[in-house]
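Engineer: Mind looking over this structure? Questions follow.
The values are calculated or read from the model by the stated rules, or taken from the named source; none is laboratory data. Source: prediction; values computed, not measured. Cβ: placed from backbone, ideal geometry, glycine included. Neighbour counts: every protein chain shown. Side chains included, ligands, DNA and RNA excluded: accessible areas come from the protein's heavy atoms. Shrake-Rupley method; radii C 1.70, N 1.55, O 1.52, S 1.80 Å.
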Amino acid sequence: MNIIIGHSNMDLDCVGSMVLAGYLYPDYVVIKSRLAHPVARNVLNLYKNSLNFNSPRILKGEYINSVVIVDTRTTNRVNEYFEFAEYTINDVENVTIFDHHTADCCDIHGADLHSEALGSNVAIMVRKLIEKGITIDPTHATIALTGLYADTGSFEFETTTSHDFSAAGWLISQGAQVKIVRKLLKPLKEEAQIDIFHIIMNKLEVKKILGNYVLLSFIELEKQQSGINAVVEKIMDIESPDAFFLIVSIKKGSQTLIIGRSQIERINVNTLLKTYGGGGHSMASSAKIKEVKDPSFIDDFVWHLRCSMIPSISAGSLMTHEVYTINEDATLLDASMYLEQIHHTGCPVVNRDEELVGVITLRDISKGRMAEQMQSPVKSYMAKKIETFNIDSTVREIENTFFSKNIGHIPVVTNKKVVGIVTRQDFLDHINGSNIA
Ligand SMILES: [Mn+2]
């Protein structure tokens, strides 16, 4: 027998990839995991008739010749499928893998690995279908597109590539319906999810860890609840932290679940949760600890983050060190000539002790010119209430300032002295990635 499998606890991208693998290997039997994410389960139920997914039970006593694996490359995520077989994945002769978890190490020996760092695994499958000139059924295109949306966060995750967009285009050309995708993705349908949402929100803790804005929540449940991932997504949407960790202590089966989400490349939740035996993506990962933790665990966990996280970029690393300042007693005429000489539209003003006292701009000077006051000192026309950063101001604080205030450059101050300046352009260069230290 030849089979197609995904990973345990199938998600939408996994289901979509399995469906598409069925077109690449039409005579293979698709085997489903016993576990599926709630949103994936909805899709499995709704499309039961057009999905020919089989239980792993049918493998009992069968000899498996070839296996196609999608959306994972690790043994422990496929072991479940071999429960009924008398051997493991590493005993199978022909293994072909299509997987986008390029950061994971492939421990399935001798496998033919098709690995591409795309936002969704579905996009890898679509590329293979296009190469082979295979067309697909509109319903299957919709299911695949749903997986693609899920794993790219509707194209908003940083891992999204141009191939994900192209693959989405191709799926739509095959008849995929975006309006159905939207319905299938919609989280928080069930009352229980809304309850959990409120429990998590009530326990939300905000921590600034090495300049990163991290949210944490520790909750205790009697038994495992489905649909928590969707709740986590919702909270990411609403709160928009750099990262969010939900710790769920579950009495029944004595276990603790840690779910991690990140929206910036610097915080790799997959690496951070590896310590607890976790697995997943750099942006979404989870770990299961086989004991019930009490709320004090959150302190241990924060300590772990403090030791392992990459510090956020701060004003100190973004700023331009060379700063032109002018003395508060200089005249407006001096200041106008000085600004022209340094090609700036404004600069910080300092007192005799080199301490920052204000900012003077060409606009302030022109007010003085209109009042024929060009011999007046800078200090009588400068802005005295000014925005400043300190060396440790985080990118998030810098972003907030540039988003909310119409200011082009902001002095960085240590002990009242100007040590640098962060300009709008410095910030734009940073978010474009050209200035990431
Ligand atoms: Mn995936």
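Engineer: Which of (1) away from the ligand (no atom under 16 Å from the Cβ); (2) more than 15 Å from V68 (Cβ to Cβ); (3) polar (S, T, N, Q) is the odd one out, the single condition N9 does not satisfy?
Structural biologist: It is condition (1) that N9 fails.
Engineer: Restricting to the stretch 124-142, name every residue that is closer than 13 Å to V15 by Cα and under 23 Å from the mean Cα position of the chain (by Cα).
Structural biologist: M125
Engineer: I'd like to verify a number: residues in the stretch 16-41 that are in contact with a Gly (Cβ under 6 Å, 6 or more places away or on another chain) and within 13 Å of the ligand (Cβ to nearest atom), how many?
Structural biologist: Total meeting the criteria: 2.
Engineer: Something else: Please verify whether R73 is open to solvent by 40 Å² or more (accessible area, probe 1.4 Å) and either touching a residue at least 24 places away in the same chain (Cβ under 8 Å) or within 16 Å of the ligand (Cβ to nearest atom) (or both), treating the condition exactly as stated.
Structural biologist: No.
Engineer: If F157 satisfies all but one of (1) within 15 Å of the ligand (Cβ to nearest atom); (2) outside any loop (DSSP other than H, G, I, E, B), what's the number of the condition it fails?
Structural biologist: Among (1) within 15 Å of the ligand (Cβ to nearest atom); (2) outside any loop (DSSP other than H, G, I, E, B), the lone unmet condition for F157 is (2).
Engineer: Would you confirm whether or not the stretch 114-129 contains a residue that is in contact with a strand residue (DSSP E or B) (Cβ under 9 Å, 6 or more places away or on another chain) and farther than 18 Å from G22 by Cβ?
Structural biologist: Yes, the conditions are met somewhere in the stretch 114-129.
Engineer: Can you pull out the residues in the stretch 236-256 that are surrounded by fewer than 20 Cβ atoms within 10 Å (Cβ to Cβ) and either under 21 Å from the mean Cα position of the chain (by Cα) or over 20 Å from I298 (Cβ atoms) (or both)?
Structural biologist: If the condition is that a residue be surrounded by fewer than 20 Cβ atoms within 10 Å (Cβ to Cβ) and either under 21 Å from the mean Cα position of the chain (by Cα) or over 20 Å from I298 (Cβ atoms) (or both), then M236, D237, I238, E239, S240, K252, G253 are the ones that fit.
Engineer: Please work out which residue is farthest from the chain's Cα centre (by Cα), limiting yourself to the stretch 10-46 and to residues that are within 18 Å of L185 (Cβ to Cβ) and outside any helix (DSSP H, G or I).
Structural biologist: A36
Engineer: Please go through the stretch 391-405 and pick out each residue that is in contact with a helix residue (DSSP H, G or I) (Cβ under 8 Å, 6 or more places away or on another chain) and open to solvent by 80 Å² or more (accessible area, probe 1.4 Å).
Structural biologist: D392
Engineer: What helices (runs of 4 or more DSSP H) lie completely within the stretch 193-309 and have 2 or more residues being within 16 Å of the ligand (Cβ to nearest atom)?
Structural biologist: 228-239, 269-274
Engineer: Can you tell which of S50, S55, S33 is under 17 Å from S8 (Cα atoms), assigned by TED's automatic domain parsing to the domain that holds A117, open to solvent by 10 Å² or more (accessible area, probe 1.4 Å) and in contact (Cβ under 8 Å) with a residue 24 or more places away in the chain?
Structural biologist: S55
Engineer: Exactly one condition in (1) within 16 Å of the ligand (Cβ to nearest atom); (2) touching a residue at least 40 places away in the same chain (Cβ under 8 Å); (3) within 26 Å of N65 (Cβ to Cβ); (4) among the hydrophobic types (A, V, I, L, M, F, W, C) is false for L118; which is it?
Structural biologist: Status for L118: all satisfied but (3).
Engineer: Any chance the stretch 130-140 includes a residue that's within 11 Å of the ligand (Cβ to nearest atom) and outside any strand (DSSP E or B)?
Structural biologist: Checking the stretch 130-140: not a single residue is within 11 Å of the ligand (Cβ to nearest atom) and outside any strand (DSSP E or B).
Engineer: Of everything in the stretch 92-108, what is closer than 18 Å to N76 by Cβ, assigned to a strand (DSSP E or B) and more than 16 Å from the ligand (Cβ to nearest atom)? Give them in sequence order.
Structural biologist: V95
Engineer: Applying the selection to the stretch 76-91, what residues are within 16 Å of the ligand (Cβ to nearest atom) and open to solvent by less than 50 Å² (accessible area, probe 1.4 Å)?
Structural biologist: V78
Engineer: Scan the stretch 345-359 residue by residue and report those that are open to solvent by 80 Å² or more (accessible area, probe 1.4 Å) and closer than 21 Å to V422 by Cβ.
Structural biologist: Those that are open to solvent by 80 Å² or more (accessible area, probe 1.4 Å) and closer than 21 Å to V422 by Cβ: T345, E354.
Engineer: Looking at (1) small (G, A, S); (2) within 16 Å of the ligand (Cβ to nearest atom); (3) crowded, with 19+ Cβ neighbours inside 10 Å, can you tell me which one A111 breaks?
Structural biologist: (2)
Engineer: Shifting gears a bit: All but one of (1) in a loop (DSSP other than H, G, I, E, B); (2) within 30 Å of L210 (Cβ to Cβ); (3) modelled with pLDDT of 90 or more hold for N435, so report the exception by its number.
Structural biologist: All conditions are met except number (3).
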